[in-house]
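Working notes for the structure below.
The values are calculated or read from the model by the stated rules, or taken from the named source; none is laboratory data. Values in this document were obtained by computation on a predicted structure and should not be read as measured data. Backbone-built Cβ (ideal geometry, glycine too); neighbour counts: all protein chains shown. Keep in mind that these areas ignore ligands, DNA and RNA; they rest on the heavy atoms of the full protein, side chains included. Shrake-Rupley method; radii C 1.70, N 1.55, O 1.52, S 1.80 Å.
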Amino acid sequence: MKKQAIGIFDSGLGGLTILQAVRHTLPHEDLIYFGDSANVPYGSKSKQTVTRFSLDIARFLEEQGVKLIIVACNTASALALTQLRKQCHVPVLGVLEPGALKAAQTTRNGKVAVLGTEATVKSEAYPKAILKYRPRTNIIQQACALFVPLVEENWANTPATRLVAQTYLAPVIRHRCDTVILGCTHYPVLKKVIADILGPKVQLVDSAETLAQAAQEFLYTHHQQATTGRGKLTVYASDDPARFKRLASCLLADDIGTVRLKKLNA
Ligand code: DGL
């Protein structure tokens, strides 16, 4: 079991921020990453569609013999986690719970903001999870639809992104939230600009770091953690692997090696 790989999936590239964090936290683990580049974005799709895509990917990862599936995509975690857990034969970790727990533990004034895709915000999954850990938390949500394309265009450090971020973050400042969940795979790439606008007193909860820690804890507790050798990484994309690889190198410092094409049945 220890030698089996961990499967990680996302709607596309964004989950590479989580892959990177998992790779650093669990350097001995073999990892299989699946980016559903044929179907991205999930953030504007229905629960039914996102669940169908997620189940197809999970099935593929199970066929590869993974010991654990990490749902790196916030939207898939918000919409499809229950079905994934019901239908998968291996444990499934979502990105949402660890982020919600961290936010509940971090806030001092009880005011938390959740930034996410339209579908994640609409699902109310983050508020529900936060309130479970910290009842009576004051939570506001902000859908940030433009953040994903800005990151994918490699525009993170441009004045346009700053202007968009200032607009999205105005309610967070107005409500005096002291903790902000970066509830989408792409938002850690915008951490610097978000932190700059919100100032040093506001804590950003980066789902990549919290999920990597949760995965480590899970494997450790279940005696499934690989402890020797350098982990191998295999990356699949469901469309245009060359484009995926090119954009990945803009997003990440790490090299992800060859990207293989794997089309889904959906
Ligand atoms: N991966 C998605 C998420 O974390 C963002 C991109 C998309 O909309 O598919 O919510």
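Based on protein heavy atoms only, the range 52-106 ends up with 35 Å² per residue of surface accessible to a 1.4 Å probe. A Förster radius of 35 Å combined with the Cβ-Cβ distance from Cys250 to His28 puts the calculated FRET efficiency at roughly 0.80. Computed from Cα positions, the angle between helix 96-106 and the longest principal axis of the chain comes to roughly 40 degrees. Inter-part distance, the range 145-182 to the range 51-65, computed on C-alpha centroids, equals 32 Å.
For the range 210-239 versus the range 1-22, the spacing of their alpha-carbon centroids is 7 Å. Students often forget the sequence filter, so: which lysines lie under 27 Å Cα-Cα from Lys262 once same-chain residues fewer than 8 apart are removed? Reachable lysines: Lys2, Lys3, Lys45, Lys47, Lys67, Lys86, Lys232, Lys245. Relative to the dominant Cα principal axis of the chain, helix 241-251 is inclined by about 40°. Fully extending the segment from Lys232 to Ile140, taken as 0.36 nm per residue of separation minus the present Cα-Cα distance, adds 29.1 nm. The C-alpha atoms of the chain define a longest principal axis, and helix 47-63 lies at about 40 degrees to it. Be a star and scan the range 15-34 for residues whose amide nitrogen sits under 15 Å from the point 7 Å along the Cα-to-Cβ vector of Gln216. The answer is 18-29, whose backbone nitrogens lie closer than 15 Å to the label point.
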